[in-house]
Amino acid sequence: SKMICHGRACPDNGPFVAGVSFAGDATVVRRLMPALVEAFGRTQGYTTLKVVQSDRRFRYDLREVSPARLVAQFSFSASTSGEGFDDLVADRADIVLALRPPQSERSRSRAGVPRVLGLDAIVPVVAAENPLTAISRTRLAQAFARKLTSADLWEGEKPLRLHVPVQQSGLMAEFRRRVILPEGLTLGMPVTRHREAIKLTDAVASDPNALGISTYSDIGAAVPLVLAGPCAFASVATEDALRTVDYPLTLPLYLYPPARRLPKVAREFLAFTRTPEARLAVQQAGFVDQFLGTIPIEAQGERLAHAIEAAREPGAQADLRRVVERVEGAARLTLTFRFEDGSTELDAISQSNIALLAGALNRGEFVGRTLLFSGFSDGTGPAEDNRKLSLDRARKVRNAVRAATTKAAAADLKLIADGFGEAMPLACDEVDWGRKINRRVEVWLR
């Protein structure tokens with residue numbers, strides 16, 4: 001359409017340049033996003049130029065080569081997850097990058113369906129010379145609250161030296177929220193704070209009397225501790241444990257788009273984040289990607305051994321036999337579905353997993369196969385109620401995946417839901433985080 005306009009308020013009648021602003025957790029912004037944006041540019045045939053504007057801000061200019069023109073500007077603000085959601089509410093950001101879901105009702109109403117870009121985890125670390133190999137979450141919190149000494153932890157004779165990230169880091173905020181505060185404690189003093197993750201792990205690795213908090217992606221030369229529970233279960237941070245979120249301190253790296261339509265180049269970028277090229281960029285940035293792989297039944301002997309030990313009641317033993325019969329010859333997919341506390345609503349990472357699995361089905365990756373959606377519960381309450389609840393949740397996940405799958409793809413698949421109650425716990429029911437890990441829906445492929 002022809003337009004005639006006079007004055008400084010007139011719109012630019014040159015080629016449209018999409019402006020997209022990202023804000024949130026500094027680690028995701030600074031480490032992961034450059035890798036993803038540059039990989040996106042290569043797949044689209046754009047040149048990408050990073051322009052540093054301040055310590056907290058930078059942007060990427062995306063340009064077409066022929067004809068030469070500026071296509072988009074992606075602007076980034078490195079802060080915290082909470083500040084990112086505040087920026088979304090205040091219209092200072094289009095997309096939020098976070099280590100946790102939004103906490104306020106206003107943030108939730110402005111954010112769209114999340115997707116998980118990659119995975120990391122909170123990991124306690126010590127030096128190789130330190131005799132400590134495992135620690136419970138309660139004792140971990142007590143140690144960082146200065147309620148325990150090195151003598152309490154490993155019969156050490158020298159003072160315990162604690163190392164943590166700086167106060168403003170997303171890792172510190174999540175460690176406080178998920179480990180310290182649930183025990184009703186506060187961080188004790190003195191502690192040594194580190195702005196750079198590698199300096200923290202180097203300091204811990206060189207000191208047999210040190211205990212530090214790191215991420216799985218930044219362990220470096222330090223040694224990670226196993227998370228122990230009050231029962232026989234232990235949680236180890238591995239790639240598969242992060243992908244299935246069976247490790248209780250897993251940190252999903254969330255991307256929250258707005259609950260409105262974005263420019264075309266932004267929608268293309270969001271679509272790119274689910275591609276193999278994006279998964280490779282996530283790996284290169286040092287994080288665990290959401291590769292949809294399988295874990296064979298032969299690799300799950302420890303889970304079965306714990307399940308046999310826990311199945312003392314006849315009903316639980318019958319459920320366990322049913323599990324073994326159902327999954328014989330099958331393999332577990334590396335994604336798990338869990339629900340919000342006290343709710344039938346899927347949590348944020350599970351909502352992302354729905355799209356991830358449906359995308360694989362729509363691409364024909366499992367043509368002619370059977371997918372068994374296996375529901376499990378914690379061990380509280382009557383066994384029959386738990387069996388029914390686990391079946392209801394398995395059906396809910398199956399139906400959500402089916403609804404997101406095209407009719408053509410669904411016609412070549414068999415999707416089955418079953419509930420096994422408390423038959424195969426992954427963690428201790430004596431603690432809240434253990435019960436949360438046990439309430440899940442797994443997907444098995446035959």
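The values are calculated or read from the model by the stated rules, or taken from the named source; none is laboratory data. No experiment lies behind these values; they were computed from the predicted model shown. With ideal geometry, Cβ positions are generated from the backbone for all residues, glycine too; neighbour counts draw on all protein chains shown. Only protein heavy atoms, including side chains, enter the accessible area calculation; ligands, DNA and RNA are left aside. Shrake-Rupley method; radii C 1.70, N 1.55, O 1.52, S 1.80 Å.
Identification of helices (runs of 4 or more DSSP H) wholly contained in segment 99-182 with 1 or more residues that are of a type outside the set (Val, Ile, Thr) and more than 20 Å from the chain's Cα centre (by Cα) yields 105-110, 137-144, 150-154. So, in segment 69-103, of the ones that are touching a helix residue (DSSP H, G or I) at 6+ places or on another chain (Cβ under 7 Å), among the small types (Gly, Ala, Ser) and under 28 Å from LEU346 (Cα atoms), which residue ends up surrounded by the fewest Cβ atoms within 10 Å (Cβ to Cβ)? Ranking the qualifying residues of segment 69-103, first place goes to SER79. Residues in segment 414-446 that are open to solvent by less than 30 Å² (accessible area, probe 1.4 Å) and on the phi < 0 side of the Ramachandran plot: how many? Of the residues in segment 414-446, 20 are open to solvent by less than 30 Å² (accessible area, probe 1.4 Å) and on the phi < 0 side of the Ramachandran plot. Residues that are buried (at least 19 other Cβ atoms within 10 Å of the Cβ) and touching a helix residue (DSSP H, G or I) at 6+ places or on another chain (Cβ under 6 Å) within segment 341-371 comprise ILE354, LEU357, ALA358, LEU361, listed in sequence order. Among residues belonging to segment 152-168 that are touching a residue at least 40 places away in the same chain (Cβ under 8 Å) and open to solvent by less than 30 Å² (accessible area, probe 1.4 Å), point out the one that is nearest to GLN142 (Cα to Cα). Among those residues, the one meeting the criterion is LEU153.
Taken together, the residues in segment 21-45 that are among the hydrophobic types (A, V, I, L, M, F, W, C), open to solvent by less than 10 Å² (accessible area, probe 1.4 Å) and within 19 Å of the chain's Cα centre (by Cα) amount to 7.
For segment 250-264, the set of residues classified as open to solvent by 10 Å² or more (accessible area, probe 1.4 Å) and among the hydrophobic types (A, V, I, L, M, F, W, C) consists of ALA259, LEU262, listed by residue number. Can you find even one residue in segment 138-152 that is at pLDDT below 95 and either within 30 Å of LEU292 (Cβ to Cβ) or not charged (D, E, K, R) (or both)? Yes, the conditions are met somewhere in segment 138-152. Go through the residues of segment 163-173 one by one and say whether even a single one is small (Gly, Ala, Ser) and more than 20 Å from LEU99 (Cβ to Cβ). Checking segment 163-173: not a single residue is small (Gly, Ala, Ser) and more than 20 Å from LEU99 (Cβ to Cβ).
Does ALA18 qualify as being in contact (Cβ under 8 Å) with a residue 24 or more places away in the chain, farther than 30 Å from PRO248 by Cα, of a type in the set (A, V, I, L, M, F, W, C) and surrounded by fewer than 20 Cβ atoms within 10 Å (Cβ to Cβ)? Yes: the conditions hold for ALA18.
A residue that is in contact with a Lys or Arg (Cβ under 8 Å, 6 or more places away or on another chain), in a loop (DSSP other than H, G, I, E, B), within 25 Å of ARG261 (Cα to Cα) and open to solvent by 50 Å² or more (accessible area, probe 1.4 Å) cannot be found anywhere in segment 52-66. Taking each residue of segment 319-330 that is more than 13 Å from ALA423 (Cα to Cα) and looking for partners that are in a loop (DSSP other than H, G, I, E, B) and at pLDDT 80 or above with beta-carbon atoms closer than 7 Å, six or more apart or interchain, yields GLY329/ARG446; ALA330/ARG446. Of all the numbered requirements in (1) of a type outside the set (Phe, Trp, Tyr); (2) free of Cβ contacts under 8 Å to residues at least 40 places away in the same chain; (3) farther than 14 Å from GLU442 by Cβ; (4) buried (at least 18 other Cβ atoms within 10 Å of the Cβ), ARG398 misses one, and that requirement is (3).
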